[in-house]
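Data first, discussion second: the structure below is written as structure tokens.
The values are calculated or read from the model by the stated rules, or taken from the named source; none is laboratory data. Keep in mind that this is a model prediction, so the values were computed, not measured. Note: ideal-geometry Cβ built from the backbone for every residue, glycine included; neighbour counts use all protein chains shown.
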């Protein structure tokens, strides 16, 4: 589990660095996708633990927590997919591109925060 925590921290720092280095809306969206992938690894690791209950090992996952993680994952993935589609479509104004980039970064950040709440 220490390895997972170290990996999650390293990926989170990398994701934050990518956000800072990104300049265009498209770069920000793709940096958000990378950060989302890092958070997804943490979430999947938690989801793979045995469910809490009688006879469960000391390290286990909670059914409600897994449900929350899954809902957050679907929401973030939907936002990122929409942002990617938008930045790849010519003809929108700069404000639209900037707005979807912000939405993508926020969605990935929110999912990372939720996933990190359940990091063991």
| said: I'd like the full set of residues that are out of contact with any strand residue (DSSP E or B) (no Cβ under 9 Å at 6 or more places or on another chain) and closer than 27 Å to residue 49 by Cα, limited to region 85-119. | reply: 107, 108, 109, 110, 111, 112, 113, 114, 115, 116, 117, 119
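This table checks each residue for (1) in a helix (DSSP H, G or I); (2) modelled with pLDDT of 80 or more.
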residue	(1), (2)
16	yes, no
27	yes, yes
32	yes, yes
35	yes, yes
39	yes, yes
42	yes, yes
46	yes, yes
54	no, no
66	yes, yes
| task | Would you mention how many residues in region 24-40 are more than 20 Å from residue 94 (Cα to Cα) and free of Cβ contacts under 8 Å to residues at least 60 places away in the same chain? | result | 2
| Complete set of residues in region 24-54 that are crowded, with 19+ Cβ neighbours inside 10 Å and in contact with a strand residue (DSSP E or B) (Cβ under 9 Å, 6 or more places away or on another chain) | 46
| field | Filter result for residue 59 (over 22 Å from residue 27 (Cβ atoms) and assigned to a loop (DSSP other than H, G, I, E, B)) | value | yes
